[in-house]
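The values are calculated or read from the model by the stated rules, or taken from the named source; none is laboratory data. All figures in this text were calculated on a predicted structure; none of them were measured in a lab. Heads up, the Cβs are rebuilt from the backbone with ideal geometry, glycines too, and the neighbour counts pull from every protein chain shown.
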Amino acid sequence: MKKGNRIAKAAIEFEASDSFMAGFHLVGFTICDDPEKGMFVLFPASIVKREKGSLDLKDKTFFFLRPSNENQLAELETKILDVYDDMVKVNRIKV
């Protein structure tokens, strides 16, 4: 990912109807726009560095948000992009 592709940061805010999670924010989402891929979302993650003595020298990505099925991430990405699109439209009208 190129730094120029980042167009917004996003977070999920849990509402009162979410009971236990009410008032929490899940941060770390990045909305990107790439000429080849189009709009997409990077999900919160951390890169775990491997020690030099390790046989497997590849860094490992640790995702904080793990779906129980593959479709859930695609659905969440769509919802995040829809909200972003709605916010951009509202701001264009105000200008």
Open item on the list: Against the conditions (1) out of contact with any strand residue (DSSP E or B) (no Cβ under 7 Å at 6 or more places or on another chain); (2) modelled with pLDDT of 90 or more, where does residue 44 fall short? Just the number, please.
Closed with: (1)
TODO: Identify all residues within region 3-30 that are in contact (Cβ under 8 Å) with a residue 24 or more places away in the chain and over 19 Å from residue 67 (Cα atoms); write none if there are none.
DONE: 5, 6, 7, 8
Task: Residue count, region 3-24 (criterion: part of a strand (DSSP E or B) and out of contact with any helix residue (DSSP H, G or I) (no Cβ under 9 Å at 6 or more places or on another chain)) - done: 4
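Among 60, 52, which is on the phi < 0 side of the Ramachandran plot, loosely packed, with under 10 Cβ neighbours inside 10 Å and modelled with pLDDT under 90?
52
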Open item on the list: I'm told residue 5 meets every condition in (1) under 17 Å from residue 78 (Cα atoms); (2) touching a Cys at 6+ places or on another chain (Cβ under 7 Å) except one. Can you identify the failing condition by its number?
Closed with: (1)
Task: Candidate set: region 25-50, residues that are over 16 Å from the mean Cα position of the chain (by Cα) and outside any strand (DSSP E or B); chosen: the one farthest from residue 74 (Cα to Cα) - done: 50
Open item on the list: Any residue that is part of a helix (DSSP H, G or I), farther than 22 Å from residue 11 by Cβ, under 20 Å from the mean Cα position of the chain (by Cα) and at pLDDT below 85 - is there at least one of those in region 78-93?
Closed with: no
Open item on the list: Condition (residue is touching a residue at least 12 places away in the same chain (Cβ under 8 Å) and hydrophobic (A, V, I, L, M, F, W, C)) applied to region 31-38: is it met by at least one residue?
Closed with: yes
